[in-house]
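Quick notes on the structure that follows.
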Amino acid sequence: MQDLNAMLVFARVVEARSFSAAATRMGVSKSAVSKQVSRLEDRLGARLLNRTTRRLSLTEIGAAFYERCARIAAEAEEAELAVTRLHQEPRGTLRVNAPQSFASRHLSPLLPEFLAAHPELRIDLTLADRIVDVIEEGYDVVIRIAELADSSLIARKLADARRVVCAAPAYWDARGRPVAPADLRAHDCLGYSYLASRGEWPFEGPDGPTSVKVTGTLNTNSGDVLMDAATAGRGVVFLPTFICGAALADGRLEAVLEDYEAAPRGVFAVYPHNRHLSAKVRAFVDFLVARFQPTPPWQQPAVTATPVPVTSA
């Protein structure tokens, strides 16, 4: 049992990235935490942490050992929640990170409803289009729009994120509508800085995968800026429908090359494996799934008002 407690302490030190922070979270002294980890290293006969005056880092053995300790810590947390019944009501602070464009259009409008349903919960929401490190930066849930690689994180798909090539109808009328991706070379293609294939737009077409090198007069890390420029007739954009869906529906933008699909992507809720039992994370992710599935709002057809019949007097 003493070794088990040391393993739990070690997991908390890794997650907090310091002895002091771990001690504060556990309500014990820094020296007690340090002694626990040192004794654990002595018993194992291996160094788990590299210590300097400025930071801690895991050794190779420490990283492998931490994965198992984290699972034990998660099971211990579940047992404690079952006893104290905290699992029945999400509470505390939920730290969430999401892309700017997605959050402002589709996440922000949902938060009041979620918070009203969970009065003991607070949300700390950060917006950033860059890819954040979920564990290193201490987030409970991160919303990602991506093709996810294998990782130790848990990812739950919320919706598809289909991308389309589009521009204002007036732009197409003036410059001509492309019939194949290669035709985009003759167009002002506005670029997104965080696109992995920067300057090159990839497609899956009738004859298989293809890509085209594009150039344009604007490059930005903001999908909202690209959207504004496109609706103003300034050029062609390659945007997910969660940004441009409404403009496509009301005719401000027109999609082309619809026989050519972009590489499949999705909207995912991503969270650390050692937090998968957290009531607040589970409640938030389940809530988003219920709102975005089976068809997300940006892919639903626009509702047309029924004309009111006019009767003559």
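The values are calculated or read from the model by the stated rules, or taken from the named source; none is laboratory data. Keep in mind that this is a model prediction, so the values were computed, not measured. Note that each Cβ is placed from the backbone with ideal geometry, even for glycine, and that neighbours are counted across all protein chains shown.
Below is a table of values for the structure above.
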read-out: Region 117-135, residues that are within 15 Å of Leu107 (Cβ to Cβ) and of a type in the set (Asp, Glu); value: Asp124, Asp129
read-out: Yes/no for Arg47 being in contact (Cβ under 8 Å) with a residue 24 or more places away in the chain and among the basic types (Lys, Arg); value: no
read-out: Hits in region 100-128 - residues which are of a type in the set (Lys, Arg) and either under 23 Å from Gly245 (Cα atoms) or in contact with a Phe, Trp or Tyr (Cβ under 6 Å, 6 or more places away or on another chain) (or both); value: Arg105
read-out: Those residues of region 157-173 which are outside any strand (DSSP E or B) and touching a residue at least 12 places away in the same chain (Cβ under 8 Å), in sequence order; value: Ala161, Arg162, Ala168, Pro169, Ala170, Tyr171, Trp172
read-out: Residue in region 249-264 that is closer than 30 Å to Glu113 by Cα and either surrounded by fewer than 17 Cβ atoms within 10 Å (Cβ to Cβ) or modelled with pLDDT under 95 (or both) present; value: yes
read-out: Hey, Gly235 at pLDDT below 90, at positive phi and over 22 Å from the mean Cα position of the chain (by Cα) or not; value: no
read-out: Spans of strands (runs of 3 or more DSSP E) in region 177-247 with at least 1 residues loosely packed, with under 13 Cβ neighbours inside 10 Å; value: 200-205, 208-213
read-out: Region 134-152 residues that are within 8 Å of Val270 (Cα to Cα) and modelled with pLDDT under 80, paired with ones that are assigned to a loop (DSSP other than H, G, I, E, B) and not small (Gly, Ala, Ser) (beta carbon under 9 Å, 6 or more apart); value: none
